Every structure is written in C-alpha cells, then in structure tokens.
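**Q** First the structure, then my questions, so here it is.
What follows is calculated from the coordinates using simple rules that are stated; it is not laboratory data. Source: prediction; values computed, not measured. Positions of Cβ are backbone-derived with ideal geometry, glycine not excepted, and every protein chain shown enters the neighbour counts.
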Amino acid sequence: MGIMRMGYAHVRVTDLAEAKHHYASTMGLYETLDEGNRVYYKGWDEWDHHSVVLEEGGVGLVKFGFKVDKPEDIDEIEQKAATFGLTVERMSAGENPEVSDGIRFTTPSEHVFEVYHSQTVIGTEVGTHNPESFPRHLVGVGVPGLDHALILAEDVGTMQQMLTDVFGFYATERVQTTLDDDAHLIATWMTSNNQIHQLAVLEGPQGRLHHFAFKLGDWSDVGRAADLMSMDDVPIDIGPTRHGITRGQTVYFFDPSGNRNEVFAGGYLAYPDRPVSVWTPEAIGKGVFYHARELNERFMTVST
Amino acid sequence: MPTVRIEPSGFEAHLNPGEPVLAGLFRCGYTVRQVGCRRGGCGICKIELTAGEVTYEKVVAESVLTAQEQTQGTCLTCRAIPVGDITLHLEQVDVHQAPPGLLRYLNVAAHPAVTPASTPGPATTPASTTHGFAATNKE
C-alpha cells in the first residue's frame, strides 16, 4: 500500500535540556532513547520506537521519515523517485537507531525525506490484550502521537507532483490563485489514506519547516492543551481555533528553540475520490483561521 | 535595573535584571509589531541596537543571528538581555504604548522601591499626575 504515514520528524533544537522539558513534560511524549546530543520520543498511542527526534545544534528540520507497509514498497518508491529525477541513496538498518533499512533523498523543496519499512516495536502501556482506553498517568498534554507537518517550498506545484508520483499521495485541499485550470498553486494538503493530511506544502523559502503537529482527540483536548501551554509559559502563535481547511481544531505554539508545533484534532475523513476543496486568496484568512478570518503576520513569516 | 529607550518615539521601559528585552517591553506596556516565536528561532524580532550592550544567556543559532549581525548592533530582542541601559531604533509605526493610566502601573512594576506618586509619568502625558494612578492613590 506504499506510504502509511509520516513516521518521524527529526528537528534541531538550540538547547536540548529545555527542549526535553517541552516535549516530555509539556507535550507528554515518552523518551525512548537518549544518545547525548539526540533524544528520541514517542507518543502514548504509538507502538514504534520513536516519532520525534531532537538534535542539539541550530533550529529547523533535519529530516522526515515516512513508513511504508512492506520492504518491497521501498524498491517501488526508489524506482519512482529515480523516474521523477531525484537522487536516491540507500540507507542501512541502524543508521537511525531502531529503524530499518530504506532510502533517503532530498526533495525539490530541499527537505530530506527517508522512507523505511519498520522500526523496533516497543508497544504501548495499554497493550493490545483487552486494552484500556488510555494510560492513567499521562504527563502534560499527553499527546497520543505525531500527526502531520507543513513545509515550505518555492515551487508547490513540483512538490505536489513529486508527492503524487513518488509517494502515491493525493491532494485533499488546495489554495490557488483562481479556479482556472492554469491557476498558480499556493498550497496543497496531501495524504495517502483517510487521514486528512500527512504533509502540507506552502509557498515559501526552500528547506524550511513551518510546523509539525501532534494529534489530539477533540475540541476539549485542544482547549486543555492551550491551558497547559499557559501554565508552562509556552508562546502560543494562535488558537484554540478551527481551520477552514481540513476543519481541524488547533493550537499553534513554539517549542523552546522557536520551532512551531501544533496540536490538531478532528478533520474529516479523506478519500481519493472525494472532490478536492479549493480555496482562493479572498477566503484564505477563513481557510487557515476559521474564526479570526484573518492571517496573522507571524503565521506567514515565522519558519525555522 | 536596565532601562530600554526606544528612538525616535522616546519610549522607556524599566526592565528587571536578567529580563529579555522583548518580554520586558511587553510587560512594561509596549506592543512591538514584529514578534515571532519569542524563542530565538525565527529572527523576526531583530531590532537595531544604537547604544549600549546586550548579552545572550541562551544559545542562539548562527542561522538566526550571525556573529556579524551581533557585532554590527543587531539585537535579537526575545533573547537579548541588556547589560546596563540600552537604546533601540524602532520606527514609530512598529511600536505602541498602552494607554497612559495603564502604562504607569505596568512600567513601575520593576521599581518596587519607587512609589508611583514619585514616578514621573510618560513624557507624552505631562498631566498624568492628576488623572492616573498617583491621583487615585491620594483620594
């Protein structure tokens, strides 16, 4: 079935101690490995070894890992990437701790993507046999797992084509200049399954990370997350609010190094045969922030 | 107790020792337009430092504030901590102050030893002693 999900986000942080406090104590991720200058985390509802990697030194994205269903899927994606004109290299098992072999390439947007087929399964606290609904002693927000990311690219159209041709993604929503066939593509929200988006791409400087997001259950979880951010003095970019695009409920905020995070709940089920929702510039404020209906300058200018 | 002076508006904020410039400005009642992540990651809040010196207690990424910028007087305000009094250049449209009455409460907070009655009001509101915090206290 090709790409199942975004499996990990690997980001740089200026101060690892502060970052650990944020991701472990405020977000409630579980630390699974500490290598000194790199720390690995997973959410309570994730069974693979890690979904977030923090690396000390700088800010912004190191790379994303995308997980495929079967080892054969790697070969298929490698071939499609080569056909698309990307330079693909093989990575061996263990290059990323507890992660299988796979491939690595740099996207036309100058982000590094890895594709792998398995990670060491460490399971969850609730287990799989007659499981409880959630672990009793979650910390802070207690996010269940990684959800999606938004990256910036000078040429959104090429990225959309790459994600379609190489990853088998399809677009669920788009922002474009007009409804005309030759309209300029400003942003696209893409997925491989029923998740409303796994990766979104917005026009902007190459290689930049706009945010990566954790999933939450519903509105009240989002409100509670915002309360905890106030308690822990986490700067909020905007929210709690809703996105017109995806219909998701959200808070955007910044980690201690200034990387933007999001908690995201809801969003409707995606299907490849569902007609794509298209937003045009006169409604972009409402599309991004459904209640404020205006973009804030920070949302458009801050990236790492 | 460092004072941050903003030119050309002449605004002054009295910061707490060790307080970053941007946090101090907001606490003292000044709203700065260009604010990003507030955590040193994006560089949106960089302002020109025209006098004085700042230091950085937290690590700042070179990609956000270069060594050259630092020596040429660019100040990453969310992370910069004044070493003594400093002056920043910020166009008037990019900074606003709270209403004078409120401003007096906010900007004296860093001076617990100084009573509001003996603190001169902002330069723009010479009549403040009869309308603001000080007058209320006398009643």
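**Q** Quick one: dipole size for the stretch A:1-81, taken about the Cα centre, charges +1 on Lys/Arg Cβ and -1 on Asp/Glu Cβ, in debye to the nearest 20.
**A** My answer is approximately 200 debye.
**Q** Quantify how much of the Cα-Cα distance distribution of the stretch A:109-162 extends past 18 Å, in percent.
**A** Cα-Cα pairs of the stretch A:109-162 separated by over 18 Å account for 60 percent.
**Q** Can I ask one more? Suppose every Lys and Arg Cβ carries +1 and every Asp and Glu Cβ carries -1, with no other charges. What dipole size does the protein assembly as shown come out with about its Cα centre, to the nearest 20 debye?
**A** On the way: 33 positive and 57 negative charges, 264 e Å.
I would put it at about 1260 debye.
**Q** Let me ask something else about it. Tell me, what HN-Hα J-couplings in whole Hz come from the Karplus equation 6.51 cos²θ - 1.76 cosθ + 1.60 at θ = phi - 60° for each residue of the stretch A:50-58, using x for Gly and Pro?
**A** 7, 10, 9, 10, 10, 10, 6, x, x
**Q** Also, I was wondering about something else. Might you report the magnitude of the Cβ-based charge dipole of the stretch A:189-265 about its Cα centre, with Lys and Arg at +1 and Asp and Glu at -1, to the nearest 20 debye?
**A** 280 debye
**Q** Springs between alpha-carbon pairs under 10 angstrom, Gaussian network model over chain A: which of A:Met231, A:Met162, A:Met27 fluctuates most?
**A** In this elastic network of chain A, the residue with the biggest mean-square fluctuation among A:Met231, A:Met162, A:Met27 is A:Met231.
**Q** Which values of log₁₀ I(q)/I(0), to two decimal places, follow from the Debye formula for the stretch A:190-303 at q = 0.13, 0.15, 0.17, 0.20 Å⁻¹ with a uniform point scatterer at every Cα?
**A** -0.51, -0.68, -0.89, -1.23
**Q** Further question on the same structure: Return the FRET efficiency for the residue pair A:Asp155, A:Glu132: r is the Cβ-Cβ distance, R0 is 51 Å, and the value is rounded to the nearest 0.05.
**A** 0.60
**Q** Compute the distribution of all C-alpha to C-alpha distances in the stretch A:258-304, in bins of 10 Å from 0, and list the percent of pairs in each, rounded to whole numbers.
**A** 20, 41, 34, 6
**Q** Suppose we look only past 30 Å in the calculated P(r) of the protein assembly as shown. What percent of the Cα-Cα pairs does that tail hold?
**A** 49 percent
**Q** Which net charge results when you count Lys and Arg as +1 and Asp and Glu as -1 among the other residues whose beta-carbon is under 11 Å from that of A:Val302? Present the calculation step by step, with values, prior to reporting the outcome.
**A** Values: positive: A:Arg208, A:Arg260, A:Arg298, B:Arg38, B:Arg39; negative: A:Asp237, A:Glu297.
Cβ neighbours under 11 Å give a net charge of +3.
**Q** Still on this model: Once both labels are modelled 7 Å past Cα along the beta-carbon direction, what's the A:Asn194-B:Thr71 spacing in nm?
**A** Result: 6.0 nm between the two label points.
**Q** How long are the three semi-axes of the equivalent ellipsoid for the stretch A:86-205, computed from the Cα gyration tensor as the root of 5 times each eigenvalue, in whole Å, largest first?
**A** Sorted largest first and rounded, they come to 32, 21, 12 Å.
**Q** Say the cut-off is 28 Å between C-alpha atoms; which of A:Lys20/A:Lys63; A:Lys215/A:Lys286; A:Lys63/B:Lys58; A:Lys286/B:Lys46 go over it?
**A** With Cα atoms farther than 28 Å apart: A:Lys286/B:Lys46.
**Q** Which whole-Hz ³J(HN,Hα) couplings does the stretch A:199-212 yield from phi under the Karplus relation 6.51 cos²θ - 1.76 cosθ + 1.60, θ = phi - 60°, glycine and proline marked x?
**A** Each residue's phi maps through the Karplus curve to give 8, 10, 10, 10, 4, x, x, 4, x, 9, 9, 7, 6, 10 Hz.
**Q** Further question: Once amide H atoms are built 1.01 Å from N in the peptide plane, which residues 5 or more positions from B:Glu53, or in another chain, come under 5 Å H to H?
**A** B:Val83
**Q** Which three extents, in whole angstrom, do the alpha-carbon atoms of the stretch A:141-243 cover along their principal axes, largest first?
**A** 47, 26, 26
**Q** Which ³J(HN,Hα) values in Hz, rounded to whole numbers, follow from the phi angles of the stretch A:85-99 under the Karplus curve 6.51 cos²θ - 1.76 cosθ + 1.60, where θ = phi - 60° and Gly and Pro get x?
**A** My calculation for the stretch A:85-99 gives x, 8, 8, 10, 10, 7, 10, 8, 4, x, 4, 9, x, 6, 10 Hz in order.
**Q** Would you kindly calculate the translational diffusion coefficient of the stretch A:3-116, applying Stokes-Einstein with the Kirkwood radius from alpha carbon pairs, for 4 °C and a viscosity of 1.567 mPa s, and quote it in µm² s⁻¹ without decimals?
**A** Details: Rh = 14.8 Å.
Taking Rh from Cα pairs, D becomes 88 µm²/s.
**Q** Hey, another quick one. If we count every other residue with Cβ under 14 angstrom of B:Ala13's Cβ, Lys/Arg +1 and Asp/Glu -1, where does the sum land?
**A** Around B:Ala13, the surrounding residues sum to -1.
**Q** Taking the Cα-to-Cβ direction at A:Thr83 and at B:Asn16 and moving 7 Å from each Cα, how far apart do the two end points lie in nm?
**A** 6.1 nm
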